[in-house]
Amino acid sequence: MKKMDNQENLLRKLPGVDRILERIQEEQEYTGTPKSVLVDAIRFVIEKKRVDILQTKTSDDLNIHQLLSDVRQKIAMIMKPNLRRTVNATGVVVHTNLGRSLLAKEAIEQVIEIASNYSNLEFDIEKGQRGLRYSSVEDILCEISGAESAMVVNNNAAAVLLCLETMAKGKEVIVSRGELVEIGGSFRIPDVMAKSGCILKEVGTTNRTHPRDYEEAINENTGLLLKVHTSNYTITGFTAEVSLPEMVKIGKKNNLPVMEDLGSGTFIDFSRYGLTREPTVQDSVHAGTDIVTFSGDKLLGGPQAGIIVGKKEIIGKIRKNPLTRALRIDKLTLAALESTLRLYRDPKNAARCIPTLRMITEPYEQVHQKADQLIRILEELHDPRLILNLKTISSKTGGGALPILDIPSAGVGIRIQDMTADSIEKAMRAHEPAIIGRIEEDLFILDLRTVQDNEFSIIVDALKNILA
Ligand SMILES: *Cc1c(COP(=O)(O)O)cnc(C)c1O
């Protein structure tokens, strides 16, 4: 009985929205905040309090200062963008969940220029008439890849769908069984094939496919030979695959086009940096492949985009496909892509200026130095509860590229007295901006390969807060 009375009493004492709104609107800080935001925040806090009282989670007397403080916190949360920066200390360079690639400075400047001004997006300045959206990147793509023609769409998944639909709708597409990949986010070659209206014709076995498998599968309803770069796994052991030049030969003999989905796609030979060689776009074009597709934001290090290079005649047909309009690339992306591609004219320059490439190719010694430096800065916190260790670890390229490659890297292992690795991980993630590391053998680790120098202060702040 007593409890009920108290409950009713508390509910009755809950202030109305208007009363709190009045108080909040008096505060200088909120003069520019939309009223709808203030009201939403107040309603949320009052409702939560009401539920707490009803569930007898609280029997404390109502504290208006606490309510106001909750409202302020809620307003701050509503006003913050949902999409915000994080610190990637996972060591996975092309981390799809954390935004894949960071743009080069040149690309960012060009995005600002094009976003703030009108542009010749679809206007031929010389002729004074309508132009093509793709012309800004076609030249440079042809120049770097050696292809006859090029175009770009929203992402590589769209590029694959569009190319299949254009070249082989209603026809059979021959693919090796070992190349029927699934990449993250439910992109599966058999499903994309079905969506594009093509009929998947699997040949060979999981581990071995031979030229005769393709030859024997070809019939009057065959529309295309497709090769998919198995970017996120490798088949080792007793294996055989048909090389691209061999596929092109079979295609020519049977008057069939050959397409390759390169997935990541790179213009750079990674073996020059002591890493595994990935097939390059140039390799694919030189082999005589009719159409090659790849991503803009994986190993290429540009914005999200799907790049299509290949034979002029086929690209012409793809441009006329009504699907193209639905998958078209946005002008800001186009601006970033063109600037990124221009950096590839000099591969050494590309490796220096494009963050994705810079991080993948950064020598171990340099990452080690960075880890050392971070430890020295953190030691200045002079907190005996904080135990730091320099660890030799492995980074990954991510983005479903170079899947078995471990890039030697250096990390800072962080132990804090009376805290588990899990709770440190959680606290670092709760910091603003969130710091995402990883746990290995019960130790929370920051992999310095993907941490930028200007992010050291964020890490210091986070640890200061955690220790406070
Ligand atoms: C990543 C990938 C895609 C999809 O590329 P997005 O740019 O993410 O749409 C398609 N095929 C392969 C083989 C891939 O690795």
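The values are calculated or read from the model by the stated rules, or taken from the named source; none is laboratory data. Here the structure is a predicted model, which means the values were calculated and not measured. Heads up, the Cβs are rebuilt from the backbone with ideal geometry, glycines too, and the neighbour counts pull from every protein chain shown.
Quick notes
- The listed residues are Arg385, Arg376, Arg328, Arg319, and the only one of them that is among the basic types (Lys, Arg), more than 23 Å from the chain's Cα centre (by Cα) and in the same structural domain as Asn154 (by TED's automatic domain parsing) turns out to be Arg319.
- Summed over the range 177-200, residues that are away from the ligand (no atom under 11 Å from the Cβ) and part of a strand (DSSP E or B) total 2.
- Those residues of the range 217-236 which are small (Gly, Ala, Ser) and within 16 Å of the ligand (Cβ to nearest atom), in sequence order: Ser231
- Checking each residue in the range 283-309 for being aliphatic (A, V, I, L, M) and either within 11 Å of the ligand (Cβ to nearest atom) or part of a loop (DSSP other than H, G, I, E, B) (or both) picks out Ala287, Leu299, Leu300, Ala305, Ile307.
- Residues in the range 442-465 that are charged (D, E, K, R), modelled with pLDDT of 95 or more and surrounded by fewer than 21 Cβ atoms within 10 Å (Cβ to Cβ): Asp442, Glu455, Asp461, Lys464.
- Qualifying residue in the range 237-248 (condition: closer than 18 Å to Met167 by Cα and either within 16 Å of the ligand (Cβ to nearest atom) or in contact (Cβ under 8 Å) with a residue 24 or more places away in the chain (or both)): yes
- Residue match in the range 310-323 (condition: touching a helix residue (DSSP H, G or I) at 6+ places or on another chain (Cβ under 8 Å), within 13 Å of the ligand (Cβ to nearest atom) and not in a helix (DSSP H, G or I)): no
- Of the residues making up the range 409-431, just one is more than 26 Å from the chain's Cα centre (by Cα), β-branched (Val, Ile, Thr) and either at pLDDT below 95 or buried (at least 20 other Cβ atoms within 10 Å of the Cβ) (or both), namely Ile414.
- Hey, Val258 over 18 Å from Thr293 (Cα atoms), in contact with a helix residue (DSSP H, G or I) (Cβ under 8 Å, 6 or more places away or on another chain) and surrounded by 20 or more Cβ atoms within 10 Å (Cβ to Cβ) or not: no
- Strands (runs of 3 or more DSSP E) lying entirely in the range 63-170 (those with 2 or more residues that are within 16 Å of the ligand (Cβ to nearest atom) and over 29 Å from Asn321 (Cα atoms)): 92-94
- Residues in the range 433-451 that are free of Cβ contacts under 8 Å to residues at least 24 places away in the same chain and under 22 Å from the mean Cα position of the chain (by Cα): Ile439 only.
- Of all residues making up the range 267-297, the number that are modelled with pLDDT of 95 or more and touching a strand residue (DSSP E or B) at 6+ places or on another chain (Cβ under 8 Å): 13
- Candidates Glu260, Glu278, filtered to the one that is of a type outside the set (Phe, Trp, Tyr), within 16 Å of the ligand (Cβ to nearest atom), on the phi < 0 side of the Ramachandran plot and in contact (Cβ under 8 Å) with a residue 40 or more places away in the chain: Glu278
- Of the strands (runs of 3 or more DSSP E) lying entirely inside the range 383-468, the ones with 1 or more residues being within 16 Å of the ligand (Cβ to nearest atom) are found at 386-398.
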